[in-house]
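What follows is a set of notes on a single structure, which appears directly below.
The values are calculated or read from the model by the stated rules, or taken from the named source; none is laboratory data. What you see is a predicted model; the values in this text were computed from it and never measured. Here the Cβ positions follow ideal geometry from the backbone for every residue, glycine too, while neighbour counts run over all protein chains shown. Heads up: the accessible areas ignore ligands, DNA and RNA and are worked out on the full protein's heavy atoms, side chains in. Shrake-Rupley method; radii C 1.70, N 1.55, O 1.52, S 1.80 Å.
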Amino acid sequence: MEKGGGSVEQKKNPSERLEEFLGWVAECEKEYNTAAETVRREDIRLQDLLHELEFSQDYKERNHTAGKLKESRKNRRVSKDIVKRNELIVKFFDEQSSRGMLKRMRQLVDRQKSEEKYLDGKRIYKPRVGDGS
């Protein structure tokens with residue numbers, strides 16, 4: 001504790017940092033999958049909107065459809081950028097050797113937490129030799 005009531009930020013345990021990293025990898029994959037699905041959905045929607053535009057009866061209908069088309073393309077572009085931003089990371093961790101490494105890292109977190117619990121807990125020394133008198 002610092003004087004004046006402020007506190008010094010505790011240094012994170014290694015297990016916390018490992019968990020943050022594993023969480024980040026999972027977050028990248030989730031964002032990638034969600035965005036990729038949005039891109040696919042907007043690609044299909046494009047055909048619907050083009051047909052709607054083609055069969056519009058008047059200028060007002062075409063303008064309304066053009067507005068929906070513009071919004072669809074904007075959503076697709078945003079999602080495609082998310083896909084591209086996360087693609088290399090997701091593909092790297094999708095490789096067989098990387099999946100194995102992630103599995104070992106999850107196991108390491110458990111072992112590390114156990115070690116930290118011991119180190120942060122109350123420790124007592126138990127003599128190994130009796131009183132020599």
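General observations
- The sole residue among 61, 87 that is in a helix (DSSP H, G or I), of a type in the set (Asp, Glu) and open to solvent by 50 Å² or more (accessible area, probe 1.4 Å) is 61.
- Qualifying residue in segment 27-35 (condition: within 30 Å of residue 15 (Cα to Cα), in a loop (DSSP other than H, G, I, E, B) and open to solvent by 70 Å² or more (accessible area, probe 1.4 Å)): no
- Only one of the numbered conditions (1) open to solvent by less than 70 Å² (accessible area, probe 1.4 Å); (2) farther than 30 Å from residue 90 by Cα is violated by residue 50, and that is (1).
- Number of positions in segment 64-84 that are open to solvent by 100 Å² or more (accessible area, probe 1.4 Å) and either within 35 Å of the chain's Cα centre (by Cα) or among the polar types (S, T, N, Q) (or both): 4
- Flag for residue 72 being within 30 Å of residue 27 (Cα to Cα), at pLDDT below 95 and hydroxyl-bearing (Ser, Thr, Tyr): no
- Selected residue [open to solvent by 100 Å² or more (accessible area, probe 1.4 Å) and in contact (Cβ under 8 Å) with a residue 40 or more places away in the chain] from 123, 106: 106
- Flag for residue 19 being in a helix (DSSP H, G or I), open to solvent by 40 Å² or more (accessible area, probe 1.4 Å), in contact with a helix residue (DSSP H, G or I) (Cβ under 7 Å, 6 or more places away or on another chain) and closer than 30 Å to residue 121 by Cα: yes
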